[in-house]
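The block underneath contains the structure these notes are about, expressed in C-alpha cells.
The values are calculated or read from the model by the stated rules, or taken from the named source; none is laboratory data. What you see is a predicted model, and the numbers here were worked out from it, not measured in a lab. Using ideal geometry, Cβ is built from the backbone for each residue, glycine included, and neighbour counts are taken over all protein chains shown. Surface areas here come from the heavy atoms of the whole protein model, side chains and all, with no ligands, DNA or RNA. Shrake-Rupley method; radii C 1.70, N 1.55, O 1.52, S 1.80 Å.
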Amino acid sequence: MTHKATKVVIITEKLVLRQVTGIIEAAGATGYTIVAAGGKGSRGMRSTSRPSVVDEFGNVKIEVITRSREMADRITEEVAARLFENYSGITYLEEVEVLRSAKF
Amino acid sequence: MTHKATKVVIITEKLVLRQVTGIIEAAGATGYTIVAAGGKGSRGMRSTSRPSVVDEFGNVKIEVITRSREMADRITEEVAARLFENYSGITYLEEVEVLRSAKF
Amino acid sequence: MTHKATKVVIITEKLVLRQVTGIIEAAGATGYTIVAAGGKGSRGMRSTSRPSVVDEFGNVKIEVITRSREMADRITEEVAARLFENYSGITYLEEVEVLRSAKF
Amino acid sequence: MELVLDFLGRLVTQFQSPSLAFLLGGIVIAALGSKLEIPDAIYKFCVFMLLMRIGIGGGMEIRAANLTDMLLPAALAIVIGVAIVFIGRVTLAKLPGVRVDDAIATAGLFGAVSASTLAVAVVVLEEEGIAYEAWVPALYPFMDIPALIVAIVLARIHLSRQKSGKRAPVKIWPIVAESLQGSALTALLLGLVLGLLTDVEAVFAGFYDPLFRGFLSILMLIMGMEAYARLSELRKVAHWYAVYAVVAPLAHGLLAFGLGYVAHLLTGFGPGGIILLAVMAGSSSDISGPPTLRGGIPTANPSAYVGASTSIGTPVAIVLGIPLYVALAQALFNP
Amino acid sequence: MELVLDFLGRLVTQFQSPSLAFLLGGIVIAALGSKLEIPDAIYKFCVFMLLMRIGIGGGMEIRAANLTDMLLPAALAIVIGVAIVFIGRVTLAKLPGVRVDDAIATAGLFGAVSASTLAVAVVVLEEEGIAYEAWVPALYPFMDIPALIVAIVLARIHLSRQKSGKRAPVKIWPIVAESLQGSALTALLLGLVLGLLTDVEAVFAGFYDPLFRGFLSILMLIMGMEAYARLSELRKVAHWYAVYAVVAPLAHGLLAFGLGYVAHLLTGFGPGGIILLAVMAGSSSDISGPPTLRGGIPTANPSAYVGASTSIGTPVAIVLGIPLYVALAQALFNP
Amino acid sequence: MELVLDFLGRLVTQFQSPSLAFLLGGIVIAALGSKLEIPDAIYKFCVFMLLMRIGIGGGMEIRAANLTDMLLPAALAIVIGVAIVFIGRVTLAKLPGVRVDDAIATAGLFGAVSASTLAVAVVVLEEEGIAYEAWVPALYPFMDIPALIVAIVLARIHLSRQKSGKRAPVKIWPIVAESLQGSALTALLLGLVLGLLTDVEAVFAGFYDPLFRGFLSILMLIMGMEAYARLSELRKVAHWYAVYAVVAPLAHGLLAFGLGYVAHLLTGFGPGGIILLAVMAGSSSDISGPPTLRGGIPTANPSAYVGASTSIGTPVAIVLGIPLYVALAQALFNP
Ligand SMILES: Nc1ncnc2c1ncn2[C@@H]1O[C@H](COP(=O)(O)O)[C@@H](O)[C@H]1O
Ligand SMILES: Nc1ncnc2c1ncn2[C@@H]1O[C@H](COP(=O)(O)O)[C@@H](O)[C@H]1O
Ligand SMILES: Nc1ncnc2c1ncn2[C@@H]1O[C@H](COP(=O)(O)O)[C@@H](O)[C@H]1O
Ligand code: NA
Ligand code: NA
Ligand code: NA
C-alpha cells in the first residue's frame, strides 16, 4: 500500500550544502538524498570555490521526502529565507507516493 | 501528444545496483536511468565498500518510467521485499507524462 | 505561496548536451539543471566518446522548470524532433509547485 | 626485557616513520575538522598502484624462487586465515550483546588481509634492511580468500539453523569467484601474472616501484582520516568490538609469527618472511573484504565490522603490530 | 622466409612486452568478469600525459630538424589518411548488409590515428634501439584530421544524395575546428608548441618522459578491458565489420610502409620513421575520432565503428601490426 | 635603466619558462575553444602535491633554522596581509560604481596568498640559482589568514553599520578555524608538521619533490584556461576591478619587497626570501580564499573578486611580478 507524501527539491551551491542539510534535519525529516549537479540560472554563475573549467558540478540537488505538507513548506521557506538572498538556488515541491509509509 | 506513465524511484546502496537492475529488467521495463547519490536515512550510514571520506556518493538513485501502474508496483514491491531488509534504501512513485508513448 | 509549474526532464547522450541547452535557452527558460547519469534503454548503448569501462555516466539528465505548459511542450517537441532520431534519449514532463514564482 | 626495550624503542622511532606519520596525521586532521578531500579517483589509483607493485614484485620473484619453498608458508597462510575466523566464532561471537553474524563478519574481516598494512611492512623491512622472500606478499590471497569464505559459510550455517533448524547447503565457488573478481585481488593477481610471465622490469623499475611509497603515504593519510570518521559508528555497537579490535590484531600476528617460526625451523623460512606473515595475519582487510562480506552476510551490520577494523584494528596492526614483530625477529635471530 | 621467422619471433617476444602484456591482461580480466575499475579521471590523465609526451618530444625535435625533411612525410600522412577512407568507401561500403554511412564512419575511424597505439610503437622502437626522426609522431594530425574530414564529407554527400538527389554543400572548416578543439589534438598540439618554443626540457625530462611508460601501461590495461567489453556490440552488426577490422589495419600499415619506403629512396626518410608512419596508418582512433564522427555522421551506428575499432582493430594493429613493420624494416635495412 | 633592461630581459626569457608557458598555453587554448578537460580529481591532486611539497620542504628546513631569524619575516607577513586589505578599503572601495563589500572581499583575496604563484617563484629561484631561506614559503599562513580575517571583519562592520547604525561584534576564532580547516591550509600545515617532526626525507625526495614541477605545470595550464573562462565574468562588473587587478599585485609586491629589504638590513634576511615575500604579497589566493570569503562575506559578488583575481591578478603576479622582483634583487644585491 502506498500513500501520498511531498518531495522537496532544493538546487543550490555546493558551498551551502551543510546549511541546507542542517535546516532539513532541524525540520525533523527522516533523511535526504544529495546529487551533484551543474546548471545555469538567473545569476548566471555558481560558487567559485574551485576552477569552473575542471568542475561542471558546482551545484547540489537535495531531495527530501516529507511526511507532511507542513514540513515541506517549512523546509522550503527556511531555505529560501536564510540562503537564497546571497546564494543562488531554487526550490520546488512534487507529490509522490511512498511505499513504506512507516519510514517517513 | 503526451500520455500518463508512472516513474519508480529507488534510492539504495551502490552495492546492490546489479540486483535492482535485474529486478527492473525482469519486470519488463524498457530501460532505466542511474545517478550517483549520497544521503542520510534512518540507518544513518551507507554501504562500506570504500572509505567514506573519499566517497560521498555511496548510494545510487535509479529511475524507471513504466508503461503501467502494475509494473511500477511490481518493481517497487520486489525491491522492498528482496533488498530493503538488509540494505538501506527507499522507493517512491511519481506520475509523469511521456511524449513518445510508443517507447514505454 | 506556491504555484504550479511544469518540469521538463530530458535524458540523453552527453555528446548532445550543448544542443539540448541551446534549445532550452532558445525557448526562453530561466535556467536548467544538469546531472550526470548512466542508463540503459531501447538502443542498448550510449555515445562512445570514451571507454565505457571507465565511464558509467555517458548520459546526462537535464531538468527545466518552465513557467508555462506551452514552453514545456515546445522544448520537449524540439528536442525529440531534432535529436532523438540519431541519438538515444527520452523526455517526460512532471507537475511541480514552485515557491519563488517570480523566478520562473 | 631487552625485547621490551627494543619494541618500545622501535615504537618511538616508528612514530617518525613516514607511513605511520601520515596515518596519524590523517587521524589528527580529521579530528580537527579538516575539510581536506582526497578525490575518490586518487584513492582508487593509490590502491591500484600498491597492489600492482606488490603483485608484479611478487611475480618477478616467484620466477626465481624455488616453488617448494613456498608450499609450507602458503599452507600456513590458509590455516591462519581459517583459524582466525574460528577463533572469532568461539570468542567474540559468544560475548554478551554481540550478534553472532556481526561477530562472524568481524572475524572474517580480521582474517582477511589489508594490502596497505602489508605495504607499510614491506617499506619498514626495506628501511630496516631486513631481507625477505619477495614472494611472501604474494601469499596475500591464500590467507584472504579462505578467511572470507569460512566467515560467509559459518554465518550462513548460523542463519539457516536459526530459521529452519536444518542447514542449507552453501555454495563455495561463487564466493571464491567474487573475491577473485573484486578489484583488489584482480589487480594483485594481474600484477603477479604479469611479473611472472612478461618483461615488465622496465615499467616496474621506472614507475610502479618508485611511485609506490609516495602513493602509500597518501593512502595512509586517507586511512587515518577514515579511522577517525568511523569511530562514531563504532560507538553505536557493543564495546566488545573495540576490545576485540585491540586484542585480535596482536593475537593473530603472534600466532602467525609462531607458526612462521616453526616453518623457519622446518624449511628455513626467513625472518623477513615471518614478519610479513605475522603482519598479514594481524591486518584486517580494508578494500576487498567489506563489500564481499556485505554481499555474503547481508544481515551483518557493517558499522560493527568496518568500524572495528578501520577505526582500531588497522591502526593497532600498523602502530603496535609491525614494530612488535620486528623486535621479536631481532630478538630471535640477532640476539 | 627469414622475414616470416623474424616476424614470428618478434610476435612471440612481443607477447612478453609490457604494453602488449597489459593489453592482453585487460582482455583476460574483463573476460573473467573482474570488477577492477580504473577511474575516469585516471584514464583521462593517462591520455593527457601520453599526448603531452608525444607533443613536447616532437616539438623539441622539430626545433633541431630540417623542415624540408618533414615535407614529404607530412604530405604522405595526408595522402594516406584520405586514401584509407576512399578505400573503405569502395570496399566495406559495398558489402552486403553494410549500411553506407556506417561503413564510411568506420573507414574514417581507421584512417584516423590512435595515440596509444603510436605510443606503444615509440616504446618498442626505443626498446629495440631503432632510431627514428622524433618529429614523426607529430605528423599525427596530418593523417588524423584529413581522414575524419573526408569521412564526414563523403557521408554527407551520400545522405544528401539519398534524400534529395542533389548534393548539399558541406562546410569543411567547422569539422577541422572541431577536430583541433577536441581534447586529444589540443593536448598534442599544445605539447608541440610548448616543446618548439619554450624551455620545457626540465619538466619533460623530469615528469612527462619518465612517467610516460607507466601511464601507457595503465592505458593498455583499460584498452584491453574495453576491447572485451565492446565485443558484444560488434556481434550486433554485420560480420563484415569484423573482417574489415582484421584486414584493414595490416593493409593500411603495409600501404603506408610502402609509401614511406618511397620517401626513404627519395629523401632518406629513415626506417624508424617508416615504421611509425605504418603504425599510424594501421591504427584506428580511440580517443578523438569517435565523438567527432558521432557528431559529424549522426546517422551512423557507433556500435559498428567503435566496436570494430576498439574490439579488433586496435589489438590487431598493436599485436600483429607493430612486429610486422619492425620485421619488414629489419629485412629491408639490415639484411 | 639597467634594472629596466634586466627586467625586460627576464620578462622575455620567462615567456619560455615552463610554468609561464603552460599558463599562457592554457589561456590560448581556452581562447581557441579547446574542449580539453583536466579532471577535477587531477586538479585537486595537483594542488595537494604542491602544498605538501611546500609544507614538507618548509618543515624540514625549520628544523635546521634559527627560529629567531623567522620572527621578523613572520611579523612582516602578518603586517603585509593586513595592510593590503586596509589599502583596498581606502582605495578600491571608494571608487565610483564599486560596492564596498565587493571591494573588501577583493582586497581580502589579494591580501591572501596563492600557493601556485608561490610554487612558480620557488621553481624560478631554483632555476636561477638564487638561494632562499627554505622556511619562507611556510610563512604562507601568516599572511593568508590575517588578510582573510581582516577582510571579513571589515565587511561585517560595514554591513552592520549600514543596517543598524551600530556595530555588531564579530567573532574572530571561527574565521581562523575555518581557514585552517580548509583543504589548502590543512595540507600545507600537515606537510609542515610532518617535515618538522618525522623522517619523511625519503618520500619527499622520491615522490613529492620530483613530481612537484610536473604537477605545477598542469596546474598552470588549468589556471590559464580558468583565467580566460573568468574574463567574461569580469566584464559584468565595474572596470575598476580590472584596473585594481593590474596595479595591486605589483604595488603589493613592491611594498613587501621594501619591507623585506628593511628586514635584510636589520637581520640579514636574504634576497631569495625577500623575493618570495614579495611574490606572496603580490599573489592573490585561488584555492582557499574564494570559499572562505564566499562564506564570510556572503553579500559580496564572487564575479567581482574571483574574476579580478583569477583572470588578471594571477597572470600579472606571475608574468610581471616574479621577473620584476628578481630583477630588483639582482640590481640591489649583485650590482
Ligand atoms: N528554470 C530552471 N529549471 C531548472 N533548474 C534551474 C532553473 N533556474 C535555476 N535552476 C537551477 O538553480 C541554480 C541556481 O539558480 P539561480 O539562483 O537562478 O542562479 C542554477 O544553477 C540551476 O541549477
Ligand atoms: N526522507 C528521505 N528523503 C529523501 N531521501 C531519503 C529519505 N530517507 C532516506 N533517504 C535516502 O535513502 C537512503 C537510505 O535510507 P535508509 O534506508 O533510511 O538508511 C539514504 O541514504 C537517503 O539517500
Ligand atoms: N523506461 C525508462 N526509464 C528510465 N529511463 C529510461 C527508460 N528508457 C530509457 N531511459 C534512459 O534514456 C536513455 C536513452 O534511452 P534509449 O533512447 O531508449 O536508448 C537510456 O540510456 C536511459 O538512461
Ligand atoms: Na588478517
Ligand atoms: Na589510421
Ligand atoms: Na597576496
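Would you calculate a helix-derived [θ] at 222 nm for chain F, using -39,500 (n - 2.57) for each DSSP H run of n ≥ 4 and dividing by the full residue count, to the nearest 500?
-24000 deg cm²/dmol
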Copies compared at C:GLU25 - label distances in nm, ascending, label defined 7 Å from Cα in the Cβ direction = 3.9, 3.9
How many nm separate the modelled label positions at F:VAL79 and A:GLN19, each set 7 Å beyond the Cα in the direction of the Cβ?
-> 3.7 nm
Whether the stretch F:7-74 is rounded, prolate or oblate, judged on the alpha carbon gyration tensor where a/c under 1.5 counts as rounded = oblate
Going by accessible area, probe 1.4 Å, with all protein chains left in place, what is the ranking of D:ILE218, D:ILE287, D:ILE87, largest first?
-> D:ILE87, D:ILE287, D:ILE218
Charge sum, other residues only, whose C-beta stays under 15 Å from E:PRO73's C-beta, Lys/Arg counted +1 and Asp/Glu -1 | -4
In Å, what is the Rg of the alpha-carbon atoms in the stretch F:201-243, and how long is Dmax?
-> 17.1, 51
Rg/Rh for the stretch E:87-162: what does it come to with C-alpha atoms and Rh from Kirkwood?
-> 1.15
Have a look at the stretch D:218-335 and give its Rg and Dmax from the Cα atoms, expressed in angstrom.
-> 15.8, 50
Per GNM of chain D with C-alpha springs under 10 angstrom, the most fluctuating residue out of D:LYS236, D:LYS44, D:LYS35 is D:LYS35
Cα-based Rg of the stretch E:119-177 normalised by 2.2 N^0.38 Å, two decimals = 1.78
Whole-number Å³ per residue for the convex hull built on Cα positions in the stretch D:60-131 = 125 Å³
If you put a point 7 Å past Cα along the Cβ direction, how far is that point for C:GLU85 from the same point in each other copy, in nm, smallest first?
-> 5.3, 5.3
Please work out how much length the chain gains when fully extended from C:ALA26 to C:GLU85, using 0.36 nm per residue of separation minus the C-alpha to C-alpha distance, in nm with one decimal.
-> 19.2 nm
For chain E, state the average projected area of the convex hull of the C-alpha atoms over all orientations, rounded to one decimal in nm².
-> 17.1 nm²
The answer for the per residue Cα convex hull volume of the protein assembly as shown, in Å³, is 201 Å³
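What helices does chain D hold that run 24 Å or longer along their axis, going by alpha-carbon atoms, with a Kyte-Doolittle average of -0.5 or more, using DSSP H for the helix calls?
Passing helices, by number: D:40-64, D:67-90, D:140-164, D:209-235, D:240-267.
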What residue of chain F sits with its beta carbon nearest the rotation axis taking F to D, and at what distance in whole Å?
-> F:ALA41, 2
Expected max-MSF residue from F:LEU190, F:LEU148, F:LEU32 in the GNM of chain F (alpha carbon, under 10 Å) is F:LEU32
Largest-first ranking of D:VAL316, F:VAL12 by accessible area, probe 1.4 Å, whole protein assembly kept, is F:VAL12, D:VAL316
Between C:GLU77 and D:LEU95, the two model label points (7 Å from Cα along the beta-carbon direction) sit apart by a distance in nm of 6.9 nm
Cα centroid separation - the stretch D:269-311 against the stretch D:18-40, whole Å | 21 Å
In a Gaussian network model of chain E with springs linking alpha carbons closer than 10 Å, the residue among E:GLY268, E:GLY108, E:GLY59 that fluctuates most is E:GLY268
Under a 1.4 Å probe, counting only protein heavy atoms, F:LEU67 has an accessible area in Å², nearest 10, of 110 Å²
Which distances in nm, rounded to one decimal and ordered from shortest, link the label point of F:THR299 to the equivalent label points in the other identical copies, with labels set 7 Å from Cα toward Cβ?
-> 6.1, 6.1
